[in-house]
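Below you'll find the structure, written out as structure tokens, and then a few comments.
Where a number appears in this text, it was derived from the coordinates with a stated rule and is not lab data. Not measured: the values here are computed from a predicted model. A quick note on method: Cβ atoms are made from the backbone with ideal geometry, for glycine too, and the neighbour counts reach across all protein chains shown.
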Amino acid sequence: MIDLRSLRSDFPILDREVNGTRLVYLDSAATTQKPQSVLDAMDDYYRLHNSNVHRGAHTLAAEATEMYEAARGRVAGFIGAQPNDLVFVRGATTGINFIAYGWGLNHLKAGDKIIVTIMEHHANIVPWQLVSRITGAELVYLELNEDYTVDTSSLEGILDDKVKIISFSGMSNVTGALGPIKVLSDAARSVGAISVVDAAQLVPHTAVDVTDIDIDFLAFSAHKMLGPTGIGALWGKTERLEEMEPTEGGGEMINTVDRHESTWAPVPHKFEAGTPPIAEAIGFGAAIEYLEAVGMDVIEAHERELTAYALERLSEVPDLTIYGPKDVTLRGGAISFELGDIHPHDIATILDQDGIAVRAGHHCAKPLMQYLEIPATARASFYLYNVFEDVDALVVSLHKARELFGLT
Ligand code: 7TS
């Protein structure tokens, strides 16, 4: 058994109480807590090095620029990428919007197809709907197998040279199901389409090396992997980023500007218009440093043990339905469930009284909710700082909820 208990003291918030009891934080799929080292890195930047980046010849400007670019190098290195292929963006959502508008708009035409899966977060649906409206392209959905994994068997009937983009989640934020990266990236390549991986829930929980998986774009958010909000990463193959148009214009992303025309700075700067979130980038770098020190293999193994334990313990709770794979090799640590006919929001409220934070709702995956024919779920999700007692506390509280609502 992997015990990462000692890491808990690195996270100041885990010391606080909620409703007079120990905080049991089971909402890391929404956002993770931050270790002291990330808070310190951001504080240190503001206290000692604060300056704008990529401009100004003074010492502070040089230090800030060096720190910002070092963070880019760290984040890139974490996914096996070159720093120049990594664009700092606001988060996974912005990353996917940049691909949709920057690449999709000038590569899609009426009748073209964009394939997504029914388990996508709205961040990987709505941007494609928006560019489809402009281009006349069509969104096509892959549905699910009985075990909640993506059913790729219908691909054969869909795949042709009209398919230009296959965009899919590396891991569902609702069911926890892992995405079929190899099958879908191979499928994309076979028809000359590009593959886009929404890695918001994947990169935080498992080692990803973009040189091992032949995909075109990958987007993820710092705040789901111990870093601050307001920053994330968009990685693309060099040639894809070269052919992608900037979607935001402004300072620092240009090479020349005339009255009517401009040329762009080299990648990745052509996508980073305006003053970037500098402290956040530095915090992101510190988060990566923390994750690397623990080791992604250790984190993944720990979460797998916790998930297996949670699935087992939750199966003991009468009336509880889990929406997601039972096999821990097919999934990550986001567990969605329903408890009898108790509304998920009521479950979340009862759990909160016991200091347990879970999310309830549609999880920004309404097409998936419609497909599963449910309005909402409650969701517990784990990260490296969770312990087995957190699962125990959840189970005790769920039994309490059953009693309170008179489930027998
Ligand atoms: N893709 C997936 C799979 C996600 O889970 C999320 C956020 C996003 C994209 C968007 O990330 P953002 O950082 O740009 O907002 N998911 C959730 C969640 O499950 N609960 O809150 C946010």
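Things to note:
- Scanning the stretch 197-219 for residues that are of a type in the set (Gly, Ala, Ser) and buried (at least 22 other Cβ atoms within 10 Å of the Cβ), we see that the one that is nearest to His363 (Cα to Cα) is Ala200.
- Residues satisfying the stated conditions in the stretch 232-260, i.e. under 18 Å from Tyr101 (Cα atoms) and in a loop (DSSP other than H, G, I, E, B): Lys237, Met244, Glu245, Pro246, Thr247, Glu248, Gly249, Gly250, Met253
- Any pair with Cβ under 7 angstrom, 6 or more apart, that starts in the stretch 89-101 at a residue that is under 12 Å from Phe217 (Cβ atoms) and ends at one that is among the polar types (S, T, N, Q) and part of a strand (DSSP E or B): Ala92/Ser221
- If only residues of the stretch 342-368 that are in contact with a His (Cβ under 9 Å, 6 or more places away or on another chain) and in contact (Cβ under 8 Å) with a residue 60 or more places away in the chain are counted, the one that is surrounded by the fewest Cβ atoms within 10 Å (Cβ to Cβ) is Lys366.
- Note on the stretch 149-196: among residues that are β-branched (Val, Ile, Thr) and assigned to a loop (DSSP other than H, G, I, E, B), the one that is surrounded by the most Cβ atoms within 10 Å (Cβ to Cβ) is Thr175.
- The lone exception for Pro318 - which of (1) closer than 24 Å to Thr32 by Cα; (2) touching a residue at least 40 places away in the same chain (Cβ under 8 Å); (3) surrounded by fewer than 19 Cβ atoms within 10 Å (Cβ to Cβ) it fails: (1)
- The set of residues in the stretch 207-232 being closer than 27 Å to Val163 by Cβ and more than 10 Å from the ligand (Cβ to nearest atom) consists of Val208, Asp209, Val210, Thr211, Asp212, Ile213, Asp214, Ile215, Asp216, Phe217, Leu218.
- Any chance Gly56 is outside any helix (DSSP H, G or I) and without any contact (Cβ under 8 Å) to a residue 24 or more places away in the chain: yes
- Filtering Ala293, Ala273 for residues that are of a type outside the set (D, E, K, R), without any contact (Cβ under 8 Å) to a residue 24 or more places away in the chain and either assigned to a loop (DSSP other than H, G, I, E, B) or surrounded by fewer than 16 Cβ atoms within 10 Å (Cβ to Cβ) (or both) leaves a single hit, Ala293.
- In the stretch 59-101, of all residues being within 15 Å of the ligand (Cβ to nearest atom) and not in a helix (DSSP H, G or I), the one that is nearest to Val203 (Cα to Cα) corresponds to Gly91.
- All positions within the stretch 7-35 that are surrounded by 14 or more Cβ atoms within 10 Å (Cβ to Cβ) and farther than 23 Å from Ala92 by Cα: Leu7, Arg8, Asp10, Phe11, Leu14, Val18, Arg22, Leu23, Val24
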